[in-house]
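Enquirer: Structure below; questions to follow.
The values are calculated or read from the model by the stated rules, or taken from the named source; none is laboratory data. Note that the coordinates shown come from a computational prediction; the quantities given were computed from them, not determined experimentally. All Cβ positions, glycine included, derive from the backbone under ideal geometry; neighbour counts span all protein chains shown.
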Amino acid sequence: MITNAGLVAGLIVGLVFFLAGILLWRRSVSGGGIIVSAGALLTVGTALYGLAVLKPFVGRTYDEQWHQQIATVEALATLGLLICAAGVVAHALRLPRR
């Protein structure tokens with residue numbers, strides 16, 4: 001189950017991956033940095049949506065609509081992290097930029 005801390009942690013993790021993607025992009029000729037940055041932007045965007053629009057609930061029960069929306073947010077954030085992982089693999093394999 002998603003917690004309020006999980007929403008904030010997703011934002012922090014996304015920002016760290018974005019910084020890592022920028023550093024990889026500047027220091028290497030591989031396209032991995034671009035892929036990591038793209039995945040991080042997806043993760044940060046969904047975390048910001050989760051924090052700004054869905055606003056974590058405090059002190060009351062969660063309704064079904066909130067559960068559905070937060071599940072979508074978590075799925076997109078996970079997709080962003082998978083894209084980041086693909087970028088790290090691309091960087092490790094030194095795939096050239098096109």
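Enquirer: Step by step: first the residues of segment 68-83, then only those that are β-branched (Val, Ile, Thr) and under 22 Å from residue 20 (Cα atoms), then the one that is surrounded by the most Cβ atoms within 10 Å (Cβ to Cβ). Which residue is that?
Expert: 83
Enquirer: Still on this model: Which of the residues spanning segment 50-66 are loosely packed, with under 12 Cβ neighbours inside 10 Å and modelled with pLDDT of 75 or more?
Expert: As a first pass, look at segment 50-66 and keep what is loosely packed, with under 12 Cβ neighbours inside 10 Å: 52-53, 55, 58-61, 63-65.
If the condition is that a residue be loosely packed, with under 12 Cβ neighbours inside 10 Å and modelled with pLDDT of 75 or more, then 52, 53, 64, 65 are the ones that fit.
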